[in-house]
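Colleague: Please see the structure below; I have some questions.
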Amino acid sequence: MGGIAVHQGNAWRKLLADIEQGTFVFSATYAQQLHSIAGKEEARAWGCFRTGGVTIAGTECMPPAHTQLNDLFTQLVHEQAQIADIYDRAIWIFLTMARQKFFYDVNNRMERFMMNGILLAAGYPSINVPVKRKLEFNEGMLAFYQSNNPVQMNQFLRSCLDPRIVAIMSE
């Protein structure tokens, strides 16, 4: 038996090991494998997409029916490959997964794992929201859920990066 922090740490270890070994791949199967670690003993069901409906607290936005999730993830994999800018791609994955809620629980962590997996696998720094900006993040996400316009959240997530590191990566 472990706790949230233990399972999250184990999921990070797997993700980082897979990136180092070149075996990280953005796919439904990989997301489910990672969820089986991150959501172990916490999620209603771990290691599989949800099999029922969910809501997004604080908003009228409704995620798609569970019967659509496999097709939506396949579409997500295809569409993300068309986005040239690595940060736009990773953030778009994060936001799309957020609206679709592929899992009953542990969605926020999975969205971050997949976003940062894309970035780290390409040799770019990960995006982490500082605790002091959590309210700003939550308010931005609520606005995004209502509008489905990613511009504000893209800007916000990019603002969480250390600009010195971004400048070095751009050289």
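The values are calculated or read from the model by the stated rules, or taken from the named source; none is laboratory data. Nothing here was measured: the structure is a model prediction, and the numbers come from that model. Note that we place each Cβ from the backbone using ideal geometry, even for glycine, and neighbour counts take in every protein chain shown. Areas reflect the complete protein model, heavy atoms only, side chains present, ligands, DNA and RNA absent. Shrake-Rupley method; radii C 1.70, N 1.55, O 1.52, S 1.80 Å.
Colleague: Looking at segment 47-59, which of its residues are hydroxyl-bearing (Ser, Thr, Tyr), out of contact with any His (no Cβ under 6 Å at 6 or more places or on another chain) and open to solvent by 30 Å² or more (accessible area, probe 1.4 Å)?
Modeller: Scanning segment 47-59 gives a single hit, THR55.
Colleague: Ok, one more. Within segment 1-46, take every residue that is of a type in the set (D, E, K, R) and open to solvent by less than 80 Å² (accessible area, probe 1.4 Å) and give me the one that is nearest to ARG112 (Cα to Cα).
Modeller: Per the stated criteria, the residue is LYS14.
Colleague: May I pose another question? Quick one: in segment 92-120, of everything that is buried (at least 23 other Cβ atoms within 10 Å of the Cβ) and aromatic (Phe, Trp, Tyr), which residue is farthest from PRO150 (Cα to Cα)?
Modeller: That would be PHE103.
Colleague: Show the residue pairs meeting these rules: Cβ distance below 7 Å; 6+ apart or different chains; first residue within segment 3-31 and closer than 13 Å to MET110 by Cα; second residue of a type in the set (S, T, N, Q) and in a helix (DSSP H, G or I).
Modeller: The qualifying pairs are PHE26/GLN80; ALA28/ASN70.
Colleague: List pairs: first residue in segment 46-67 and over 20 Å from GLN32 (Cα atoms), second residue in a loop (DSSP other than H, G, I, E, B) and charged (D, E, K, R) anywhere in the structure, Cβ distance under 8 angstrom, at least six positions apart or on different chains.
Modeller: As it stands, the answer is ILE56/LYS101, since those pairs meet every condition given.
Colleague: What is the residue count in segment 146-171 for residues that are within 16 Å of THR96 (Cα to Cα) and out of contact with any Gly (no Cβ under 8 Å at 6 or more places or on another chain)?
Modeller: Looking only at that region, the number is 9.
Conditions (1) assigned to a helix (DSSP H, G or I); (2) within 22 Å of GLN80 (Cα to Cα), marked per residue:
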site: LEU120; (1), (2): yes, yes
site: TYR124; (1), (2): no, yes
site: ILE127; (1), (2): no, yes
site: GLU136; (1), (2): yes, no
site: PHE144; (1), (2): yes, yes
site: LEU157; (1), (2): yes, yes
site: LEU161; (1), (2): no, yes
site: ILE165; (1), (2): yes, no
site: ILE168; (1), (2): yes, no
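Colleague: Would a scan of segment 74-90 turn up a residue that is open to solvent by 70 Å² or more (accessible area, probe 1.4 Å), farther than 21 Å from PHE144 by Cα, among the polar types (S, T, N, Q) and in a helix (DSSP H, G or I)?
Modeller: Yes, there is a match, as at least one residue in segment 74-90 is open to solvent by 70 Å² or more (accessible area, probe 1.4 Å), farther than 21 Å from PHE144 by Cα, among the polar types (S, T, N, Q) and in a helix (DSSP H, G or I).
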